[in-house]
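Here is the structure we will look at, set down as C-alpha cells.
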Amino acid sequence: METREHEEREESLLRELLKIERHEDQMMAAMVQLGASSEKLNRRLAGLTWVMLVLTWITFIVAIPNTLATIFGISKVNEMLGLEVMVSALVLSTVGGLLIVVWPRSVFSISNLEKKSERHIEETSPQPQSQSAATHVKREEEPAKRVCR
C-alpha cells in the first residue's frame, strides 16, 4: 500500500517537474524573442536618430544665413552696409555651417558622429547568451533525469 502511494507521489512529482521544464522552455523562447525585438527597436531608434541629426544639420546650416538676412533686412543696417558685405556675410555663414558638418576633425562631422553612434550601439546592444545560460539549463535537467530513473 505504501509503495503504491510512494509511486503515485513519484509520478505526480515527475508530472510537476515536466510542467516546470515546459514553462522554463517557454520562458527561454520568450527571452530570445524579447532580445530580438529589442535589437530591432535599437536599430530603428538609431535610424530615427540619424534622420533627426540630418534635419538638425539642415536647420543649422539654413538658420545662420537666415538670421543674418533678417538683420540685414533692417533698414538702418541696410543703409550702413553695402550689398557686397551682406552677400559675402551670407555666403561665409553658409559655408561655415557646411564646414562644421563636413570637416572630418569637427566635433559635429558626419564621420565623427558615425563613430560615436556605432560605439554607443555596440555598448547598448544586448550581448548574445553566454555558455552559462546553456549550462544552467543542463544542470536543471540533471536532477529531473535522476528522479526519472
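The values are calculated or read from the model by the stated rules, or taken from the named source; none is laboratory data. Keep in mind that this is a model prediction, so the values were computed, not measured. Cβ coordinates were reconstructed from backbone atoms using ideal geometry, including for glycine residues, and neighbour counts include every protein chain displayed.
Might you let me know whether the stretch 89-97 holds any residue that is under 30 Å from E118 (Cα atoms), assigned to a helix (DSSP H, G or I) and free of Cβ contacts under 8 Å to residues at least 24 places away in the same chain? Reasoning before the result, please.
Narrowing the stretch 89-97 to residues under 30 Å from E118 (Cα atoms): 94-97.
Add one more test, that the residue is assigned to a helix (DSSP H, G or I), and what stays is 94-97.
Next, from what is left, pick out any that are free of Cβ contacts under 8 Å to residues at least 24 places away in the same chain: 95.
Yes: one or more hits.
Would you call I64 part of a helix (DSSP H, G or I) and at pLDDT below 90? In short, yes. In the set S12, S37, S106, only one residue is at pLDDT 85 or above, under 39 Å from the mean Cα position of the chain (by Cα) and not hydrophobic (A, V, I, L, M, F, W, C); that residue is S37.
Restricting attention to the stretch 67-78, the residues that are in contact with a helix residue (DSSP H, G or I) (Cβ under 7 Å, 6 or more places away or on another chain) and either at pLDDT 80 or above or among the aliphatic types (A, V, I, L, M) (or both) total 4. Please go through the stretch 103-124 and give me each residue that is out of contact with any Lys or Arg (no Cβ under 9 Å at 6 or more places or on another chain) and surrounded by 14 or more Cβ atoms within 10 Å (Cβ to Cβ), ordered by number. Selection gives W103, S106, F108, S109, I110, L113, S117.
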